[in-house]
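The values are calculated or read from the model by the stated rules, or taken from the named source; none is laboratory data. Everything quoted here is computed from the prediction, not taken from an experiment. FYI the Cβ positions are ideal-geometry reconstructions off the backbone, even for glycines, and counts take in every protein chain you see. The area values use the complete protein model at the heavy-atom level, side chains included, leaving out ligands, DNA and RNA. Shrake-Rupley method; radii C 1.70, N 1.55, O 1.52, S 1.80 Å.
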Amino acid sequence: MWPVTGPPIPNGSVLVDPRGRIATLGPEESVPRPPDSELLRYPDAALLPGLVNAHTHLELTGLRGRAVADTGTSGAVVRALTELRGAGVVYHEVIHPDAGRADVTLVAVRDTVARLRREAGPRVAIGVSPHAPYTVSRALYRRVVEYARSEGLALAGHIAESPAETDFVSAGRGPFAEAWRRRGIPLDPPVATPVRLLEELGVLGPDFLAIHAVQADERDADALARAGSAVVVCPRSNAHHGHGAPPLSRYLERGLRLALGTDSVASVDTLDLLAEAREARWLAGLSAEAALHMATLGGAAALGQEAAIGSLEPGKWADLVLVRLHRPVPTLPEMAAEAILLARPEDILATFVAGRPVYQTQPGGASPA
C-alpha cells in the first residue's frame, strides 16, 4: 500500500466506513474486520489513492470513473458524474473574443452555472474557465473572474500553451491575430507574455489553476508564485502539438503547487496519468516518488481538495486504485514508487470512489474472503 504521506505499508489494508471514507489503514493484521464487512484481497498489487487528473476534456471521450478536473461547455460531464456518483471539478468553459459581448456572455455563464449547480451530485464541484487569451476578451476575463470569486467558484484557464499564443498577446501577430481581424474584432494593446496579461487583469490568485503554462519565462514563474496559483501540466499533449515542454524545474524551484493532466484523446491516445508522471519525471529529473506525488496529492492540492482526496489517511474519501505489480514491492519509498510508475493501463485492477467499485477486472483479479 502506498499512502503518499508516509512510507509504503507491506500487506496493507484499508477499512472503509459506511459513509465511504477511510476509517483506518495499516498492516492487514492491525486493521479491524467488522463482521458485516466485505473483504477483498488483491495479491501482487499496490493500493494507492485515486489518481487526480487535474485537466482533461471528458466530453471528448468515455468516462473512466476517476476523480478529475474536467473542462467543457455542454454540461454532459456533470450529468454523467452525478449519475455514476462520481467525484470531480467540472469547469464550464467560457469563450467570446468580442469585448462588446462580455456582459451578454456573462449572463449566459451565470445561467449555465446555476443550472449545473442544481444538477451536480454531492461530490461534483462547479467552476468556470475563461478559455485562453486568444478566445476571451479582456473585458470578459475581468467579469468572469469577478463573478467566480463572488460565488466561490473554482477558476481555471488555458495559458501560455503555445508560441502562437505568445505572438498574439505580445505582438498582435500570427494565426490568432488574423482570426480576430477577419471577424472585425479589434486587438488589445500588447502585453509582454500571456501570464503577465492575466496578472494585469487580476486573474492570477490562489484560486486559479493555470493549465499548460508551457511558454513561461522566469518572470512568469515569479508572477505565478507571487499569486499562489497552481499549475497543471500535460506533457504528452504539449509534445504531441509541438508546443514544447513545461518548465517544471522552474516551477519546482519556486514551490508552486503542481499537478498532472492528460488533456483529451484529441491530443493523446490514452488518458493515462501514470504515463504523464513518467514524462514529467523525465523532463524535470524528478524522483519516482515526486512524480507519483504530482499524480495524487499534488493534483488534489492544485484543486484545493487535499483535505479530502490525494492520499490514504483516515477521514479522507476512500477513492482508491489498485495497480498490478510485476515484481514484489520493496519497502523503500523510492523503489516502491519505481514499481508503481511502471504500471500500464492494463495493469489497473480496480478503482473505487467513496469505497464503491466503479471498475474491476474480470473475476479472479480479487479474492473475496
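Has the range 96-118 got any residue that is open to solvent by 10 Å² or more (accessible area, probe 1.4 Å), aliphatic (A, V, I, L, M) and within 21 Å of the chain's Cα centre (by Cα)? Among the residues of the range 96-118, not one is open to solvent by 10 Å² or more (accessible area, probe 1.4 Å), aliphatic (A, V, I, L, M) and within 21 Å of the chain's Cα centre (by Cα), which makes the answer no.
Considering the range 307-318, the residues that are surrounded by fewer than 23 Cβ atoms within 10 Å (Cβ to Cβ) and among the small types (Gly, Ala, Ser) include one that is nearest to Leu260 (Cα to Cα), namely Ser311. Residues in the range 1-34 that are open to solvent by less than 30 Å² (accessible area, probe 1.4 Å), part of a loop (DSSP other than H, G, I, E, B) and β-branched (Val, Ile, Thr): Val4, Val31. Filtered by the rule that a residue be closer than 19 Å to Thr351 by Cβ and exposed (fewer than 11 other Cβ atoms within 10 Å of the Cβ), the range 35-47 gives Glu38, Pro43. Of the residues making up the range 64-84, those that are basic (Lys, Arg) and modelled with pLDDT under 85 are Arg64, Arg66.
Restricting the first member to the range 21-42 and to residues that are closer than 24 Å to Thr361 by Cβ, and the second to residues that are part of a strand (DSSP E or B) and among the small types (Gly, Ala, Ser), the beta-carbon pairs closer than 6 Å and six or more apart or on different chains are Glu28/Ser13; Val31/Ser13; Arg41/Ser367.
Considering only the range 35-48, state which residues are in a loop (DSSP other than H, G, I, E, B) and closer than 17 Å to Ala318 by Cα. Matches in the range 35-48: Ser37, Glu38, Leu39, Tyr42. For the range 183-192, the criterion of being in a strand (DSSP E or B), open to solvent by 10 Å² or more (accessible area, probe 1.4 Å) and β-branched (Val, Ile, Thr) is satisfied by no residue at all. Residues of the range 251-267 that are surrounded by fewer than 23 Cβ atoms within 10 Å (Cβ to Cβ) and over 20 Å from Val203 (Cβ atoms): Leu252, Glu253, Gly255, Ser264, Val265, Ala266, Ser267.
Scan the range 153-175 for residues that are more than 10 Å from His212 (Cβ to Cβ) and crowded, with 24+ Cβ neighbours inside 10 Å and the total you get is 3. Checked against the criterion of being in contact with a strand residue (DSSP E or B) (Cβ under 8 Å, 6 or more places away or on another chain), in a loop (DSSP other than H, G, I, E, B) and at pLDDT below 95, the candidates Leu256, Leu312, Leu271 yield just one match: Leu271. When the helices (runs of 4 or more DSSP H) confined to the range 66-181 are screened for residues that are charged (D, E, K, R), those reaching at least 3 such residues are found at 102-119, 138-151.
Taking the range 193-245 as the region of interest, the helices (runs of 4 or more DSSP H) fully inside it that hold 1 or more residues being β-branched (Val, Ile, Thr) and buried (at least 24 other Cβ atoms within 10 Å of the Cβ) are 194-201. Residue-level check: of (1) open to solvent by 50 Å² or more (accessible area, probe 1.4 Å); (2) over 27 Å from Thr112 (Cα atoms); (3) of a type outside the set (Gly, Ala, Ser), Arg142 misses just (2).
Contact annotation: residue pairs with Cβ atoms under 6 Å, 6 or more positions apart or on different chains, pairing a residue in the range 71-96 that is within 24 Å of Leu320 (Cβ to Cβ) with a partner that is β-branched (Val, Ile, Thr) and modelled with pLDDT under 85, are Gly88/Val68; Val90/Val77. Is the range 319-340 home to any residue that is modelled with pLDDT of 95 or more and open to solvent by 30 Å² or more (accessible area, probe 1.4 Å)? So far as the range 319-340 goes, no, none of its residues is modelled with pLDDT of 95 or more and open to solvent by 30 Å² or more (accessible area, probe 1.4 Å).
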